[in-house]
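Here is the structure we will look at.
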Amino acid sequence: MAARLFPVVKFVIKGGLAGAAVYVAYDQGLLGSGTQGAEALKKAQAALPPAIQEWTSYIGWEVRTGQINTLPPTPKFDFSPSDSWNKGVQTVMSALSVAPTRACEYTVEGWKYVKDLVK
């Protein structure tokens, strides 16, 4: 009985964790528009250093510069999701606009290669 129940419990736990992760992402605005994602990133950047400081003080690590038992400073992110999204869209549209021309060029090169092999 326990052997049959274990996979079900395991599946329910994994499904619950996945559902909770999706809910938190939705609640924080990560699944919304680019501006909502940028706001969520700004909130995370503001909350991360104090959280790391609290965690290290809870464990007992000292975070001081110039000491042997130190942690590196928290990284500073200079990242804009909306700029990255726009750059990605521009890159994809640029590639799609030259795709017919490139396809013709590659076809001509391929025929030349095949003709040289047949000779």
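For this structure, a couple of remarks:
- Scope the range 75-111; condition free of Cβ contacts under 8 Å to residues at least 24 places away in the same chain, under 17 Å from the mean Cα position of the chain (by Cα) and surrounded by 10 or more Cβ atoms within 10 Å (Cβ to Cβ); matching residues: ASP83, SER84, ASN86, LYS87, GLY88, VAL89
- Cβ-Cβ under 9 Å pairs, at least 6 apart or on other chains, the range 6-28 side closer than 17 Å to ALA44 by Cβ, far side of a type in the set (Lys, Arg) and open to solvent by 70 Å² or more (accessible area, probe 1.4 Å): GLN28/LYS43
- Those residues of the range 57-98 which are small (Gly, Ala, Ser), under 30 Å from SER33 (Cα atoms) and at pLDDT below 75, in sequence order: SER80, SER82, SER84
The values are calculated or read from the model by the stated rules, or taken from the named source; none is laboratory data. Quick caveat, the model's predicted, so the values are computed rather than measured. Note that each Cβ is placed from the backbone with ideal geometry, even for glycine, and that neighbours are counted across all protein chains shown. With ligands, DNA and RNA removed, areas are computed over all heavy atoms of the protein, side chains included. Shrake-Rupley method; radii C 1.70, N 1.55, O 1.52, S 1.80 Å.
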